[in-house]
Every structure is written in C-alpha cells, then in structure tokens.
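Colleague: The structure's right below; bear with me while I get my questions together.
The values are calculated or read from the model by the stated rules, or taken from the named source; none is laboratory data. It should be emphasised that the depicted structure is a prediction, and the values quoted were computed from it without experimental measurement. Ideal geometry is used to build each Cβ from the backbone, glycine not excepted, and the neighbour counts take in all protein chains shown. The protein model used for the area step is the full one, side chains on, heavy atoms only, and it has no ligands, DNA or RNA in it. Shrake-Rupley method; radii C 1.70, N 1.55, O 1.52, S 1.80 Å.
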Amino acid sequence: MLPIQTLTRFIYENERDFPDATGELSSLLASIALGVKVIARLVATAGVRGLTGYTGHVNVQGEQTYKLDEEADAVLVDILGSSGCFGSLVSEERDAAQETSSVSDSVKYVVAFDPLDGSSNIGTNIPVGTIFTVFRRRDMKAAPSAADFMQPGRDIVAAGYSVYGAKTSFVYSAGYGVHGFTLDPSLGEFILTDRDMKVPQSGDTFSINEGYWSQWEKSFQNYLHSLKTGENDLKKVYSGRYVGSLVADFDRTLRKGGIFLHPANTKRPRGKLRLLYECIPLAFIMKNAGGIATDGKIAVTDIEPQAIHERCPLIVGSTEDVEMFLKAVG
Ligand code: AHG
Ligand code: MN
Ligand code: MN
C-alpha cells in the first residue's frame, strides 16, 4: 500500500500551507498522538495486567473511576504536561485545571481531554477511546487558567478522538477537513486512511440509550417512536445501534451516517455528556465533516462554556436526520 502517509508527515505537510505557522500545533498534535499510542497499549494489556477493575475512588463527576481511567489520565498529564506545548490541562478525571511544568509566556495553547471514554465497557472487548479539544489561550499576559477553556467550540483550534478497538484509529480536525488515521503497530505510526472525511448526508441508524425512556418528554418519545415506524418526514425506518462508548457510537455515525442522541432528560436537564471534552470536540469534527451537532436548541459549537466540567445534551450526525429531529422536537 503506497504511498505511505503518516500522521506526523501529514501534520507537518499541512503546516506548510500556513506561512505564519510556528510548528506548535504540529508538535502538540504529535504529543497527543504519542499519548494515544501509549493508552492503546494500556487498554490492550489491561486484562493481563489485572487493571480492568475500579480504583475505589469517585471522581469530580461523581462516578466510580476505573484503574484504566486513572492510568490514561496520568499518561496524558505526563506527556502533554511536559510537551512544552500547553499552558494548562483540563481532564475529566481532575477537579481543576492543571498548570503544566512547561508554562512559558510563549505557550499559546491549552488542552481539555477525556482520557478514557466509554469506561463502563472496560473489562469487555467493546471499544473505548480518548477525546481532546485544543484551545488558544485567551490572554497571553495572564497565567494560563480555567478561563482559557471558557470559549465556544466555533473558536477552538483543533479537536480529535481515538478509538481503541479491533484497530486503533485517530481522527482529528484543525478546521481544515477531518482526517482519519489507523495505527500500524509494526511501524508504531498512524497511517492516513481517511483523507477529508465527510459524513453521509443521511443515514439509517439511530443511536441512543432507551433505558431513559421514562425520563424523556412526550414529544421526544413520539419522535423516537416515529424512527421505528417510519411515520416521519423522511418516511424512513431506522435501525438501532448503541455501544455505550461515545467515541464508538460517534465514529460509526461519522463514517456511516445517521443520528446519535444523548439528550436532556427530566433528571438531567443538561444531559450527561461533558461539554468541554466530549460535546465540543465531536461537534467541531461533525461540523467540519458536513454534519450537525446540537444540544436540542442551539449548535453545540455556539455554546459558551461556564465551567470546565459542565454537561451538555448532544444530538449529532447527518444533516438530514438531525434536521428532522430539530423540526420534530427542537
Ligand atoms: P466516560 O466513560 O468518559 O465517563 O463517558 C461515558 C459516556 C459516553 O462514553 C457514553 O456515550 C455514555 O457515557 C453512555 O451513557 P449511558 O450509560 O447513560 O448510556
Ligand atoms: Mn466520556
Ligand atoms: Mn472518561
């Protein structure tokens, strides 16, 4: 399979398209890719290392953490914190923004990440992943802080995710297309396998946890029922697909089309997923791939974050399917 285009070469080649590029974005993406490769190995060996269980701690989200959550978090804090690329880090697993060991006045970026997404599937062979969002510091005269993360998704610099499954895939966008890579373990390199990804205009799957049925508004229940009966504007009967790992459900929706929904419910008016390091990065990618991401009312990339761990409903996918949702329920 020639020509081989690696993530590193692809990033640096793209950098040449920007005369004022300093190389920082390229090196920060390379650092994130290194972190993803290390986590891929941790996930693959967790079973034999006896690391698929809980730590016994509860994180800031109020959720029991798995040993793998904490391992993946430690890997990213170490690699990104020492990369010299970031002034501050926000992790799903840490209460507050973490200053990095390499803060200098010239460091332009900060990064938020979900080190291990889909934790409820740890211990099975169901794919899990990592999600990240890169922001530009808002005030280079002030020390990097949580304030740098209070920016809407339309202003972020880059975002991406990895999926640790039958293959390790890495998908990112810096605002100029969405590009997919697959790890070749024999080379230790991510190889470009999907240049300029576009979500299909419409799809035939809906992806949602119907266990919340009783907590949804009647209008939402009617909409969901219409996807099963075909009694909807698109006269389309959908299939249901739900893995329970956002990265896996999102990746399938991006590549094959359809709609993923983790909406608000009566117990959680702002939903379950986290805005900074789950909804914004995936909304940014879906938008750059020609799809739509909404919280049910407005575009996710227009939401102004107020807190680093705030939650957000997420309805994301093919334009035709999300537009039908908005017309029926929005
Ligand atoms: P995390 O493992 O990072 O806490 O994320 C879990 C999220 C996401 O991966 C998935 O889509 C969702 O939780 C599943 O939620 P339900 O169990 O409510 O379906
Ligand atoms: Mn997650
Ligand atoms: Mn997580």
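Colleague: How large is the dipole of the chain about the Cα centre if only Lys and Arg carry +1 and Asp and Glu carry -1, each at its Cβ, rounded to the nearest 20 debye?
Modeller: It works out to roughly 640 debye.
Colleague: Now, a different point. Can you tell me the 0 to 90 degree angle between the C-alpha axis of helix 319-328 and the longest principal axis of the chain, rounded to 10?
Modeller: Roughly 50 degrees, rounded to the nearest 10.
Colleague: Give me Rg/Rg_expected for the stretch 7-194, where Rg uses Cα atoms only and Rg_expected = 2.2 N^0.38 Å with N residues.
Modeller: Normalised Rg, Cα atoms only: 1.02.
Colleague: Now for a different question. Over the chain, what percent of the accessible surface lies on carbon and sulfur atoms, probe 1.4 Å?
Modeller: Of all accessible area on the chain, carbon and sulfur atoms account for 51 percent.
Colleague: Related question: Which cysteines in the chain lack any other cysteine whose Cβ sits under 4.7 Å from their own Cβ?
Modeller: Those would be Cys85, since no other cysteine Cβ in the chain comes under 4.7 Å of theirs.
Colleague: Same structure again: If a/c stays under 1.5 just call it rounded; otherwise compare a/b with b/c (prolate if a/b is bigger, oblate if not). Do that for the chain, with a ≥ b ≥ c from the square roots of the Cα gyration tensor eigenvalues.
Modeller: It is rounded, given that a/c, with a ≥ b ≥ c, falls under 1.5.
Colleague: How high is the relative contact order of the chain? Use alpha-carbon pairs under 8 Å, at least six apart in sequence, and give a whole percent.
Modeller: 15 percent
Colleague: A further question on this structure: With r as the distance between the Cβ atoms of Glu13 and Thr55 and R0 = 45 Å, compute the FRET efficiency 1/(1 + (r/R0)^6) and round to 0.05.
Modeller: Computed FRET efficiency for Thr55 and Glu13 comes out at 0.60.
Colleague: Something else about it: Karplus couplings for the stretch 223-236 from phi (6.51 cos²θ - 1.76 cosθ + 1.60, θ = phi - 60°), rounded to Hz, Gly and Pro as x?
Modeller: 4, 4, 4, 5, 6, 8, 9, x, 7, 9, 4, 8, 6, 10
Colleague: How many angstrom lie between the Cα centre of the stretch 142-166 and the Cα centre of the stretch 41-70?
Modeller: Rounded to whole Å, the Cα centres lie 23 Å apart.
Colleague: Would you list which aspartates and glutamates come within 19 Å of Lys167, measuring only between C-alpha atoms, while excluding same-chain residues fewer than 8 positions from it?
Modeller: Partners found: Asp117, Asp184, Glu189, Asp194, Asp249, Asp251.
Colleague: If I stretch the segment between Thr22 and Gln201 completely, what's the gain in nm (0.36 nm per residue apart, minus their alpha carbon distance), one decimal?
Modeller: Separation in residues times 0.36 nm, less the Cα-Cα distance, equals 60.8 nm.
Colleague: What is the ratio of the Cα radius of gyration of the stretch 248-300 to 2.2 N^0.38 Å, with N the residue count, to two decimals?
Modeller: Its radius of gyration relative to the 2.2 N^0.38 Å reference: 1.11.
Colleague: Using a 1.4 angstrom probe, figure out how much accessible area the chain has per residue, in square angstrom, rounded to the nearest whole.
Modeller: Heavy-atom accessible area per residue stands at 42 Å².
Colleague: Now for a separate question. As a test, work out the antiparallel percent of DSSP beta bridges whose residues both lie in the stretch 7-194, rounded to the nearest 5.
Modeller: Counting DSSP beta bridges with both partners in the stretch 7-194, the antiparallel share is about 90 percent.
Colleague: For q = 0.16, 0.17, 0.21 Å⁻¹, what log10 I(q)/I(0) does the stretch 171-269 give under the Debye formula with an equal point scatterer on each alpha carbon and no solvent?
Modeller: -0.81, -0.87, -1.10
Colleague: Among the lysines, select those whose C-alpha is under 27 Å from the C-alpha of Lys141, and discard any that sit fewer than 8 residues away in the same chain.
Modeller: Straight-distance partners of Lys141: Lys108.
Colleague: Of the candidates Leu187, Leu273, Leu261, which one comes out as most mobile in a Gaussian network treatment of the chain with C-alpha springs shorter than 10 Å?
Modeller: It is Leu187.
Colleague: Ranking request for peptides 216-224, 81-89: highest mean number of other beta-carbon atoms within 10 Å first, then the rest in descending order.
Modeller: 81-89, 216-224
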